[in-house]
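Let me begin by presenting the structure, written as structure tokens, before commenting on it.
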Amino acid sequence: MRIISYFDQGVPSLGVMTSDTTYAAVHDLDRRLPHTLDALLRLSEGLAKLRTAAGGAAGKHRLSEVTYAPLLEQPHAFWALALNFKTHILETGLTTSEVHPQIFLRVPKSFVPPNAPLVAPPLDLARAFDYEAELGVVIGRGGRHIPIERALEHVAGYCCVNEGSVREFQRHNRQFGLGKNFESSGSYGPWLMTADEFGDPARHEVIARLNGVVRMRAPLSDMLFSVAQVINYLSTGYTLQPGDMIAMGTSGALPPAPDDTAGNDLSGQIRHKPIPGSVHMKPGDTIEVEITGLGVLSNPITADLPVVYRPA
């Protein structure tokens with residue numbers, strides 16, 4: 001089952017995909033069901049009730065006409081992993097623990113819905129606005145001290161994540177901090193695919209395309225820590241909540257082809273082992289993140305406003 005969140009006359013609503021191009025509105029299937037994914041996941045047997053209501057439903061709406069809303073209206077926590085792909089560790093030359101995953105947090109305001117523009121910082125502020133194609137894990141059942149062998153029972157489903165990063169600011173401190181939380185710097189979606197439909201994450205690949213050019217491709221089996229291991233680790237110190245998100249980390253970038261002409265001005269590039277010709281996101285670009293068997297998350301890139309005082 002694939003579940004989307006979209007705006008219906010400005011109000012967040014849920015839909016169930018009935019094909020790759022159509023969906024059924026949840027409020028037409030069963031008006032007793034919540035209109036946000038957060039609330040659905042908190043509802044006892046919410047996914048099961050939606051699956052029953054959607055059984056055999058015809059899709060009356062076209063996906064091409066939808067305006068996506070954030071998949072989760074207000075995630076309780078958005079956890080993200082650093083250096084969780086072996087190829088990324090090799091690319092950066094950094095070291096990490098092979099026992100404990102390296103984890104940080106992002107704020108909801110740093111994400112935009114599918115198809116909405118990601119905002120590149122002004123060039124006088126930062127130039128290294130980097131894409132990070134990742135597998136997103138959505139928790140459906142909370143818990144504390146979750147054993148590895150039962151961890152996947154707590155997963156509602158999966159989505160694509162672009163965990164966009166402003167590298168100059170990421171280097172300001174060891175916590176990554178603001179560099180991982182610029183407003184409208186990342187995205188996730190385009191839908192939640194339930195765990196039973198997606199299957200074993202290790203059987204899939206993650207791919208990033210910048211302006212149609214493949215810049216990242218890696219099997220999810222390259223992850224240092226699996227989904228189950230990360231859930232187990234997080235739950236040792238925190239009671240996981242329905243609607244929590246986990247971004248499982250990014251792979252290394254592919255080396256550019258000799259005739260690759262898509263390079264940016266790299267004067268602001270932040271890499272421990274620079275890759276000649278590697279590129280970052282800039283206004284006018286389009287970035288796509290694909291998880292095979294799941295879907296494609298697409299966002300255009302636009303420029304932020306100039307650096308001027310703007311009281312809220």
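Against the list (1) touching a residue at least 60 places away in the same chain (Cβ under 8 Å); (2) closer than 22 Å to Phe198 by Cβ; (3) acidic (Asp, Glu), the condition Glu91 fails is (2). For His145, the conditions (1) touching a helix residue (DSSP H, G or I) at 6+ places or on another chain (Cβ under 6 Å); (2) assigned to a loop (DSSP other than H, G, I, E, B) all hold with the exception of (1).
Being out of contact with any Pro (no Cβ under 6 Å at 6 or more places or on another chain) and surrounded by 15 or more Cβ atoms within 10 Å (Cβ to Cβ) is the requirement here; does Ala120 meet it?
When the stated conditions are applied, Ala120 does not pass them.
For Leu43, the test of being of a type outside the set (Gly, Ala, Ser) and under 13 Å from Met1 (Cβ atoms) is failed. Here the condition is being under 27 Å from Leu105 (Cβ atoms), at pLDDT 95 or above, touching a Ser or Thr at 6+ places or on another chain (Cβ under 6 Å) and assigned by TED's automatic domain parsing to the domain that holds Gly186; of Asn299, Asn232, it holds for Asn299 alone.
Might you let me know whether segment 54-71 holds any residue that is in contact with a Leu (Cβ under 7 Å, 6 or more places away or on another chain) and farther than 23 Å from Thr250 by Cβ? Yes, the conditions are met somewhere in segment 54-71.
Between Ala126, Ala120, the distinction of being at pLDDT below 95 and within 20 Å of Leu305 (Cα to Cα) belongs to Ala126 only. Just one of the numbered conditions (1) of a type in the set (Phe, Trp, Tyr); (2) surrounded by fewer than 22 Cβ atoms within 10 Å (Cβ to Cβ); (3) at pLDDT below 95 is not true of Phe7: (3). Within segment 284-312, residues that are free of Cβ contacts under 8 Å to residues at least 24 places away in the same chain reach partners that are buried (at least 20 other Cβ atoms within 10 Å of the Cβ) with beta carbons closer than 8 Å, at six or more positions or on different chains, in the pairs Gly284/Ile301.
Looking at segment 239-262, is at least one residue assigned to a strand (DSSP E or B), charged (D, E, K, R), assigned by TED's automatic domain parsing to the domain that holds Thr96 and modelled with pLDDT of 95 or more?
no
The lone criterion from (1) within 29 Å of Gly10 (Cα to Cα); (2) touching a Leu at 6+ places or on another chain (Cβ under 7 Å); (3) free of Cβ contacts under 8 Å to residues at least 40 places away in the same chain; (4) not acidic (Asp, Glu) left unmet by Gln102 is number (1). Screening segment 235-256 for residues that are of a type outside the set (S, T, N, Q) and in contact with a Ser or Thr (Cβ under 8 Å, 6 or more places away or on another chain) and picking the one that is farthest from Asp38 (Cα to Cα) gives Pro256.
The values are calculated or read from the model by the stated rules, or taken from the named source; none is laboratory data. Note that this is a predicted model, so its numbers are computed, not measured. Note that each Cβ is placed from the backbone with ideal geometry, even for glycine, and that neighbours are counted across all protein chains shown.
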